[in-house]
Amino acid sequence: MIQFGDDVLARLYRATKDLPPDRRRVYLKKLAAAVDPSPALRRYRRRNGPVVAVDVAPDGRADLAFFLRAHGVPLRGEDRASLAAGVDELVRRWRRGEPLVPAASTFAAG
C-alpha cells in the first residue's frame with residue numbers, strides 16, 4: 001500500500017486533475033507499480049536478480065567473442081544474437097558456481 005502525506009497528495013492532485021479519467025487511471029497505475037511492485041514481480045526479481053543489458057559496439061564484438069570462446073562458451077558466430085546467447089550461457093555457468101577460468105592454451109605465449 002502506498003502512503004502519501006497531505007502535501008504529496010495535493011501535488012499529485014494538481015498534476016493529474018486536467019487529465020482525462022482514462023489517462024489519469026493509467027498514470028496512477030504506473031505510479032503505483034513503480035512505487036510498490038506486485039508480489040509476482042518482487043518474487044521474479046528476487047529469484048532472477050537484476051536484469052543486465054550489455055551493448056557491445058560492433059568493433060568490440062571480436063573481443064567479446066574471443067573472451068567467450070576462451071572461457072569455453074561455444075558461439076555460432078559473432079553476430080548480436082550469438083553473442084547475447086554466449087553471455088547468457090556464461091552468466092548461467094557463473095550462477096551455478098562453475099569456475100570461469102580461461103583455457104590454459106588461450107593466453108599462451110607464442
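The values are calculated or read from the model by the stated rules, or taken from the named source; none is laboratory data. All values reported here derive from a predicted model rather than from experimental measurement. Note that each Cβ is placed from the backbone with ideal geometry, even for glycine, and that neighbours are counted across all protein chains shown.
Here residue 41 fulfils each of the conditions (1) over 30 Å from residue 98 (Cβ atoms); (2) surrounded by 10 or more Cβ atoms within 10 Å (Cβ to Cβ); (3) modelled with pLDDT under 85; (4) under 25 Å from the mean Cα position of the chain (by Cα) apart from (1). Could you tell me whether residue 44 is hydroxyl-bearing (Ser, Thr, Tyr), closer than 30 Å to residue 86 by Cβ and not in a loop (DSSP other than H, G, I, E, B)? Criteria met by residue 44. The single condition from (1) within 24 Å of residue 3 (Cβ to Cβ); (2) at pLDDT 80 or above; (3) among the basic types (Lys, Arg) that residue 61 fails is (1).
Give region 9-23 a look and list any residue that's over 17 Å from residue 35 (Cβ atoms) and either among the hydrophobic types (A, V, I, L, M, F, W, C) or part of a helix (DSSP H, G or I) (or both), or say none. Answer for region 9-23, where residues must be over 17 Å from residue 35 (Cβ atoms) and either among the hydrophobic types (A, V, I, L, M, F, W, C) or part of a helix (DSSP H, G or I) (or both): 10, 14, 19, 21, 22, 23.
So that you can scan it fast, the table gives a plain yes or no per residue for (1) modelled with pLDDT of 85 or more; (2) in contact with a Leu (Cβ under 9 Å, 6 or more places away or on another chain):
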| site | (1), (2) |
| --- | --- |
| 36 | no, no |
| 73 | yes, yes |
| 79 | yes, no |
| 84 | yes, no |
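Can you tell me which condition residue 51 does not meet? The list is (1) at pLDDT 80 or above; (2) in a loop (DSSP other than H, G, I, E, B); (3) out of contact with any Leu (no Cβ under 6 Å at 6 or more places or on another chain); (4) aliphatic (A, V, I, L, M), and all the others hold. The single condition residue 51 does not satisfy is (1).
Taking the criterion of being surrounded by 11 or more Cβ atoms within 10 Å (Cβ to Cβ) and assigned to a loop (DSSP other than H, G, I, E, B), would at least one residue in region 27-34 satisfy it?
no
Taking region 64-87, which residues are exposed (fewer than 12 other Cβ atoms within 10 Å of the Cβ) and outside any loop (DSSP other than H, G, I, E, B)? Of everything in region 64-87, just one residue is exposed (fewer than 12 other Cβ atoms within 10 Å of the Cβ) and outside any loop (DSSP other than H, G, I, E, B), namely 81.
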